[in-house]
Amino acid sequence: MAAQGRHGGRKSNKMTALVVDDNMVNQTIHHRLLDNLGIENEAVSNGKEAVDIHCSGKTFDLILMDMDMPVMNGIEATRKLREMGIRSMIAGVSTRSMEREVQEFMEAGLDDYQVKPLTVSKLISIIHKING
Amino acid sequence: MDLVQLQRQLVDYKTSLYNEGFLDEQFTQLQELQDENNPDFVVEVVSLFFEDSERLLNELTKALEQQSVDFKRVDAHVHQLKGSSSSIGAQRVQKVCIAFRNYCEEQNIEGCVKCLQQVRHEYSLVKTKLESMFQLQQQILSAGGSIPM
């Protein structure tokens, strides 16, 4: 998959991802899942850090956004990123499964939503949406 | 004990952990993420889970000892524990966390204290079992064998 024009200046064709999750165990697992698929990735621990990293000028092909986080949760962070004009694929990854809660998260600007725990096949289905 | 016997013992032990509900499919997912480039992945993640859980259990004990219990805080800790236990496939710990969160919502102190005892118990069980499993794996590797998955 070739890098798109909006990431012009980036030398590698590797996909990039940002893991946003306050739980260290999840961060480690998601990092490994992404590594396994050849996706360069970093992790931050809450929504505010996700926003800050974008303010610093970094962008990512994919953002895996947890819902419940301290300081700034996933819904607020997703809204903020969209307001900032971030067009990256944002996939909500959460344990919440109630329709109303998922709906609210989706309406904040998600492209996809997966119930935790994340697995290889769930991640692949998210990635297909980027390419599709 | 010879290598084949050790490997057999490991397979049987693992199977029993799944059958008794200590581990679920998510643990299998973790094992599938381990390879020659990341040969210690499962042990690393599980160790992280142990550290994280011990911290959370201590926080929970403190929080429930307070004169005026902050249920939101208790719930936040249980939520974390539920999340990490679910991510590594520690099914029985996760199940107690679900009940624990319900008691937090009801602001039921007795229920919470009971659940804390239960979750400590389930956590210590799964920790012991996983450590035994890792020990068996190490014995097999030291004997020059490979881990049957």
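Once R0 is set to 41 Å, what does the formula 1/(1 + (r/R0)^6) return for the Cβ-Cβ distance between B:LEU3 and A:GLN103, expressed as a FRET efficiency to the nearest 0.05? Efficiency, from the Cβ-Cβ distance: 0.15.
Under the criterion of Cα pairs below 8 Å and six or more residues apart, the relative contact order for chain A equals 20 percent. For A:ASN41, the residues 5 or more places off, or on other chains, whose built amide H falls under 5 Å of its own are A:ALA17.
For the protein assembly as shown, the Cβ-based charge dipole about the Cα centre amounts to some 440 debye (Lys, Arg positive; Asp, Glu negative; other atoms uncharged).
Sequentially through region B:12-25, phi angles give Karplus couplings (6.51, -1.76, 1.60; θ = phi - 60°) of 4, 5, 4, 4, 5, 5, 5, 4, 7, x, 5, 10, 10, 3 Hz, Gly and Pro residues having no value and appearing as x.
Basic side chains Lys and Arg get +1 at the Cβ, acidic Asp and Glu get -1 at the Cβ, and with that the dipole of region B:1-146 about its Cα centre reaches some 420 debye.
What relative contact order, as a whole-number percentage, does chain B give when Cα pairs under 8 Å and 6 or more residues apart are counted? Value for chain B: 31 percent. For region A:16-131, the square roots a ≥ b ≥ c of the C-alpha gyration tensor eigenvalues yield an a/c under 1.5, which makes the shape rounded. Under the criterion of Cα pairs below 8 Å and six or more residues apart, the relative contact order for region B:75-149 equals 22 percent. For the pair region B:71-103 and region A:54-132, the centres of their Cα atoms are 22 angstrom apart. Taking a Cβ cut-off of under 14 Å around B:LYS129, the surrounding Lys, Arg, Asp and Glu residues balance to a net charge of -2, with basic ones at +1 and acidic ones at -1. Rounded to the nearest 5, the antiparallel percentage of DSSP beta bridges internal to the protein assembly as shown is 5%. Only helical runs count toward this figure. For chain A, summing -39,500 (n - 2.57) over DSSP H runs of n ≥ 4 and dividing by all residues gives -12000 deg cm²/dmol at 222 nm. So what's the net charge close to A:ASP21: Lys and Arg +1, Asp and Glu -1, counting the other residues with Cβ under 11 Å from its Cβ? For residues surrounding A:ASP21, the net value is -3. Overall form of region B:27-149: prolate. Here a/c, set by the Cα gyration tensor axes a ≥ b ≥ c, is 1.5 or more, and a/b is the larger of a/b and b/c. In chain B, the calculated helix contribution to ellipticity at 222 nm averages -27000 deg cm²/dmol per residue, counting -39,500 (n - 2.57) for every DSSP H run with n ≥ 4.
Loop-located GluC sites (Glu not before Pro) in region B:34-91 (DSSP state other than H, G, I, E, B) with a sparse environment of at most 12 neighbouring Cβ atoms within 10 Å: B:GLU36. Extension gain for B:GLU51-B:GLU20 works out to 8.8 nm (0.36 nm per residue, less the C-alpha to C-alpha distance). Just to confirm the filter: which trypsin sites (Lys or Arg not before Pro) across region A:34-119 are DSSP coil and have at most 16 other Cβ within 10 angstrom of their Cβ? Qualifying residues, ordered by number: A:LYS58, A:ARG87.
Placing unit charges on each Cβ (+1 for Lys and Arg, -1 for Asp and Glu) gives region A:16-131 a dipole about its Cα centre, and among A:VAL115, A:SER45, A:ILE130 the Cα reaching farthest toward its positive end belongs to A:ILE130. Simple rule: put +1 on each Lys or Arg Cβ and -1 on each Asp or Glu Cβ in the protein assembly as shown, find the dipole, and look at B:MET133, B:PHE49, A:PRO70; the Cα lying farthest toward the positive end is A:PRO70.
Bear in mind that the values in this text are calculations on the coordinates, not laboratory data. For clarity, every value in this text was computed on a predicted model and none was experimentally measured. Methodologically, a virtual Cβ is constructed for each residue, glycine included, from the backbone with ideal geometry; neighbour enumeration extends over all protein chains shown.
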